Amino acid sequence: MKLITLVYVFCLFYVFIPGNLFKLPIKTSKLNHVLIHALLFSAILSITYPYIENIQLYEPMTASPEEEKEDDDMNGKKMPPVTSSTPPPPPKGK
């Protein structure tokens, strides 16, 4: 489970705590209110869960195996050695 899904489920749970954000206009027992809120929570969660689970906040940088192979051998050429453009520091004298 992704972090965004976990946050979504907790927020949805908070919204559907009976009497927390909204009250049902139906005059019934407390048990019926709890059951109605539970059914609404379950229905909305089951409908929206696949959409929330498929949200991608970022795409990882992945390359196909063919692209990785091309990058490695550079069409048969060897990669030049990496050299530093800054000269080494001068030796400290006494």
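Starting from the stretch 13-32, keep only residues that are over 20 Å from Ser46 (Cβ atoms) and part of a loop (DSSP other than H, G, I, E, B), then list their pairs with residues that are modelled with pLDDT of 80 or more and among the aromatic types (Phe, Trp, Tyr) whose Cβ atoms are within a distance under 7 Å, requiring at least 6 positions of separation or different chains. So the pair list comes out as Asn20/Tyr14.
Within the stretch 1-44, the residues that satisfy the criterion of being closer than 20 Å to Ile55 by Cα and surrounded by 14 or more Cβ atoms within 10 Å (Cβ to Cβ) are Thr5, Tyr8, Val9, Leu12.
The values are calculated or read from the model by the stated rules, or taken from the named source; none is laboratory data. Only a predicted model underlies this, so the values are computations on that prediction, with no experimental measurement involved. Cβ: placed from backbone, ideal geometry, glycine included. Neighbour counts: every protein chain shown.
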